[in-house]
Every structure is written in structure tokens, then in C-alpha cells.
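Below: the structure, in C-alpha cells.
Coordinate-derived values only; no laboratory data. Given the structure is predicted, the values throughout are model-derived calculations rather than measurements. So basically every Cβ, Gly included, is an ideal-geometry build from the backbone, and we count neighbours across all protein chains shown.
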Amino acid sequence: MSFLLPVPCLVPTTPNGVYHHFQRAVASKEEISHGEVVMLTCFPGFQQMGPDSLRCWYGDWAVDNLPECVP
């Protein structure tokens with residue numbers, strides 16, 4: 001029988017935006033625990049494309065594509 005360990009995820013780098021975890025800004029490459037969620041906020045003048053939140057699931061973000069901040 002195999003078990004999956006709850007591996008953390010690294011916050012992605014998204015130009016022109018910042019991720020928040022419980023309303024606290026988190027830096028790129030910061031570790032987020034398995035099962036936790038981060039939300040992306042784009043800088044003024046940029047619009048978010050893609051999901052507005054990312055859930056860490058066994059070391060990977062549970063989305064098909066990471067969000068972007070586009071002009």
C-alpha cells in the first residue's frame with residue numbers, strides 16, 4: 001500500500017501581480033502547505049486571466065493553467 005505525503009507547493013512567479021495567503025502577501029517561491037489556497041491580485045492597469053485562486057495539492061497547484069496578469 002502506498003501513501004502520498006502532503007508536500008508543500010512553491011508560490012509561482014506572476015509578473016504584474018502578487019499572491020495572498022489569508023490576506024498576507026506571499027513572495028514567489030515561498031512554501032504553501034498542502035491543502036492551502038492562495039489568491040492572485042493583479043497590479044493596477046492589469047487584468048487577471050485564469051483562475052483567481054490556487055489550491056496546493058500534494059506539491060502541485062490543482063489547476064490546468066496558472067493565472068496571468070495582462071495589460
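Points worth noting:
- For the chain, radius of gyration divided by Kirkwood radius, i.e. Rg to Rh on alpha-carbons: 1.02
- Integer Hz, Karplus 6.51/-1.76/1.60 couplings in order for the range 47-62, x for Gly and Pro: 10, 7, 10, x, x, 8, 9, 10, 9, 6, 9, 6, x, 10, 7, 7
- Only Lys, Arg (+1) and Asp, Glu (-1) charged, at Cβ; the chain dipole about Cα centre in debye: 120
- For 4, 40, 66, the sequence from fewest to most other C-beta atoms within 10 Å is 4, 66, 40.
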